[in-house]
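Take a look at the structure below.
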Amino acid sequence: MDIPYTIEARPDTGVYNAKLGIWLFLASEVMLFGGLFSAYILLRVGAAPDDWPHGWLDVPLGAVNTVILALSAITTLLAWAACKVRQFGKFKFFHGCTILLGLSFLCIHLYEYHDEWTHYEIRLTNGQFADGHLLEQSKDFDLAKKTGTVTLDGRIVENHADLMDLRNPRVPPAKPRELTVAAADIQKMDNYSPRHNTFTAIYFTITGLHGLHVLAGTLVISYFWGTGSRLWRRDPERFTNRIEVSGLFWHFVDLVWIFLFPVLYLT
């Protein structure tokens, strides 16, 4: 039995079934990310002036990822256009470019996550703060027992506020250097993971959810580039519609990042 309106438009909506379905799904996605953006705004507005970080994220890497997703939006559109004019070879090329760009975005994002996860803030017993990337821990390091040492590539500051705004620091930051800190001198040691503070919690939540959407979109596009492309031989028009639907999802993912980049990286 043939499913109706997989190619032709429905008389009541003016679009075929899959396109109607993806628009309804994207409406729910708008509500999901809208809630997270609203939470970010409320948390930031309610934070004390010295409690909200500035300049913690790598703006050049974020800008590169923005360019990557912008290019992928173009290539996925060109892939759909190639299907419309029945140029399957060009479709494969442009869809392959979209896959590579999506994977590149995820790799850069994972690098950023690793950078945050290996970045530590240490509150010292003398009231100072050591901050930097972890180089090594001695084999006998045990914070509870106060044994061993940790080595950071970082700096020591007098006030915690000096770590919050890295764009316009009140005191010019010293160049990173190798610091060895004894466990006996550590009051608290915490990396820049989601539990570090409110900013890292919302950062990992929003960008992690967005990253999952990029991964899902890349997997779907990879399916249509690979085994899913068999439908092209049987029903090229229906296959073209599927490429359009997957492209709409991909454009939504790109659009979310266009909002995320300035909100998280530039403010």
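Close contacts from segment 75-97, counting a first residue that is more than 12 Å from Trp225 (Cβ to Cβ) and a second that is small (Gly, Ala, Ser) and surrounded by 20 or more Cβ atoms within 10 Å (Cβ to Cβ), with Cβ to Cβ under 9 Å and a gap of 6+ residues or different chains, come to Leu77/Gly247; Trp80/Ser246; Trp80/Gly247; Gly89/Ala82; Lys90/Ala79; Lys90/Ala82.
When Gly102 is tested against the conditions (1) within 23 Å of Phe259 (Cα to Cα); (2) of a type in the set (Gly, Ala, Ser); (3) surrounded by fewer than 16 Cβ atoms within 10 Å (Cβ to Cβ), the lone failure is (3). Hey, Ile221 hits all of (1) in a helix (DSSP H, G or I); (2) more than 20 Å from Phe93 (Cβ to Cβ); (3) β-branched (Val, Ile, Thr) but one; which does it fall short on? Result: Ile221 fails condition (2) only. Residues being within 16 Å of Ala184 (Cβ to Cβ) and loosely packed, with under 15 Cβ neighbours inside 10 Å are represented in segment 106-126 by at least one member.
Criterion applied to Gly208, Gly217 was being closer than 19 Å to Ile108 by Cβ and surrounded by fewer than 18 Cβ atoms within 10 Å (Cβ to Cβ), and the one residue passing it is Gly208. Kindly check whether there is at least one residue in segment 222-230 that is exposed (fewer than 15 other Cβ atoms within 10 Å of the Cβ), modelled with pLDDT of 95 or more, assigned by TED's automatic domain parsing to the domain that holds Leu101 and among the small types (Gly, Ala, Ser). The answer is no; no qualifying residue exists. Consider segment 36-49 and keep the residues that are farther than 15 Å from Gly208 by Cβ and not β-branched (Val, Ile, Thr). The one that is surrounded by the fewest Cβ atoms within 10 Å (Cβ to Cβ) is Ala48.
Annotation note: of Leu166, Leu152, Leu134, the sole residue that is out of contact with any helix residue (DSSP H, G or I) (no Cβ under 7 Å at 6 or more places or on another chain), at pLDDT below 90 and not assigned by TED's automatic domain parsing to the domain that holds Leu260 is Leu166. When each of Ala48, Ala63 is tested for being under 21 Å from Thr207 (Cβ atoms), assigned by TED's automatic domain parsing to the domain that holds Leu209 and among the small types (Gly, Ala, Ser), the lone residue that passes is Ala63.
The values are calculated or read from the model by the stated rules, or taken from the named source; none is laboratory data. Because the structure is a prediction, the values reported are computed rather than measured. Ideal geometry is used to build each Cβ from the backbone, glycine not excepted, and the neighbour counts take in all protein chains shown.
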